[in-house]
Amino acid sequence: MNIQPPLSNVVFEEGIANFSIFLYSALERKGNEFISPYSITSAMLLLVLGTGTTTKYEMETAIFEYEEPDDVNRGYKLLNDKLSTRTAPGVTFAIANKLYASQGLNLLNTFSTKASTIYGSVVERLDFVKNTENSRVTINNWISANTNNKIKDMIPKNVLNKDTLLVLANAIYFKGTWKTEFNKNDTRQRNFFVSTNEQTLVQMMYGEFDAKSGEDLDLDCKILQLPYKGNKISMAFILPNSGDGLTELENILTNNDLTTLVSGLKTQKTLIRIPKFTMQREYDLKPIFSVLGITEIFDPMIADFSEMVQSDAHMSDARHKAYIEVNEEGSEAAAATTVTIQVRSNISPKPKPFQFVADHPFLFLIQDDETGIPLFIGRFTRP
């Protein structure tokens, strides 16, 4: 009996991980930031399914800059099926895609079939012409329901109109309990140095236990990795040694693999101080896509959605919203992405315990440990 080896998906997974960093680096990064690159990428790949010619080429080469997988759709299906198994006691992870089409829109069968079988995206018909507001509420309610009510009012008024053909929606939700929780009684108000000239008080969690931690001398930063229950997803904190070194660190990291930085850590006794925080951010994806070289989809004269619809169409709106809460028990994060189609290192050992005191701006990410895919990325600069 011949047992087939599992299909390799390394090229696709590495491409998605790299593109996640590119997405983050395209943000202006002026203060607190938080995105789910996997939510954005999922919506983009579902969109690519309906594009043709140069529009398709532009998007695929932007996502897979170094090496394009032989079959992008198979790659997504394999990865998403793998990530769907991450839910376990103490951890909830869910991602959902959905298409909302105008009642009169003739969606090509090949597109809708692939969208359903590969991306799990069913098609729901809405009347964007006569019931625009009800359509908006329907989509927003679906996103809210699929993010544990953390992402509300995703699509504001006046985004949808009688010319709306299709809305692609993606929702992602994560809630994880730390493998080793922090004691609430140890949380204290402590100073957080926003800059060299400004400081403020923050609720700082405290713990001292075995954790993966270390220091990278080349990047001049400390790294801490805290696993959630189940040991399949973790949160990593990257703290520049300099109080004002976050921007410089981020600029260097855009050309480095964050997962490689994290994977080199060693387990050691670590004194940990991390702020409790809640953050919600919303983004217009048009300027971000433009930085990444994705422009044709917005041009009514050039955009090619011929694999999706037979009529002329272009993208009129693209937005992303993300939420995160970090506390003593663990983390809760959610994000949603909508696309509206409209007609026309080296680790330096330290004496025990290693100290990781996040009392100034730092970078953080929630990642799938097996694939190295960043599910969420953000920066904390101000309580």
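Tabulated results
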| read-out | value |
| --- | --- |
| Of the criteria (1) part of a helix (DSSP H, G or I); (2) over 18 Å from Arg382 (Cα atoms); (3) β-branched (Val, Ile, Thr), which one Ile223 fails | (1) |
| Hits in the range 224-238 - residues which are under 20 Å from the mean Cα position of the chain (by Cα) and surrounded by 17 or more Cβ atoms within 10 Å (Cβ to Cβ) | Leu224, Gln225, Leu226, Pro227, Tyr228, Lys232, Ile233, Ser234, Met235, Ala236, Phe237, Ile238 |
| Those residues of the range 93-115 which are within 22 Å of the chain's Cα centre (by Cα), surrounded by fewer than 20 Cβ atoms within 10 Å (Cβ to Cβ) and in a helix (DSSP H, G or I), in sequence order | none |
| Residue match in the range 118-133 (condition: buried (at least 21 other Cβ atoms within 10 Å of the Cβ), polar (S, T, N, Q), assigned by TED's automatic domain parsing to the domain that holds Ile324 and not in a loop (DSSP other than H, G, I, E, B)) | no |
| Residue ID - nearest to Asp244 (Cα to Cα), chosen from residues in the range 351-373 that are at pLDDT below 95 and either of a type in the set (Phe, Trp, Tyr) or out of contact with any strand residue (DSSP E or B) (no Cβ under 7 Å at 6 or more places or on another chain) (or both) | Phe354 |
| Selection from the range 96-140 of residues that are closer than 25 Å to Lys157 by Cα and touching a helix residue (DSSP H, G or I) at 6+ places or on another chain (Cβ under 7 Å) | Asn97, Lys98, Leu99, Tyr100, Ser121, Val122, Val123, Leu126, Asp127, Phe128 |
| Members of the range 50-71 that are under 24 Å from Gln310 (Cα atoms) and buried (at least 19 other Cβ atoms within 10 Å of the Cβ) | Gly50, Thr51, Thr55, Lys56, Glu58, Met59 |
| Selection within the range 293-334 - part of a strand (DSSP E or B) and either hydroxyl-bearing (Ser, Thr, Tyr) or in the same structural domain as Arg273 (by TED's automatic domain parsing) (or both) | Ser316, Tyr323, Ser331 |
| Residue match in the range 79-92 (condition: of a type in the set (Asp, Glu) and more than 19 Å from the chain's Cα centre (by Cα)) | no |
| Subset of the range 116-152 [more than 26 Å from Ser84 (Cα to Cα) and either of a type in the set (S, T, N, Q) or within 19 Å of the chain's Cα centre (by Cα) (or both)] | Asn131, Thr132, Asn134, Ser135 |
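The values are calculated or read from the model by the stated rules, or taken from the named source; none is laboratory data. This one's a predicted model, so the numbers in the text were calculated from it and none came from an experiment. In this analysis, Cβ positions are derived from the backbone assuming ideal geometry, glycine residues included, and neighbour counts consider all displayed protein chains.
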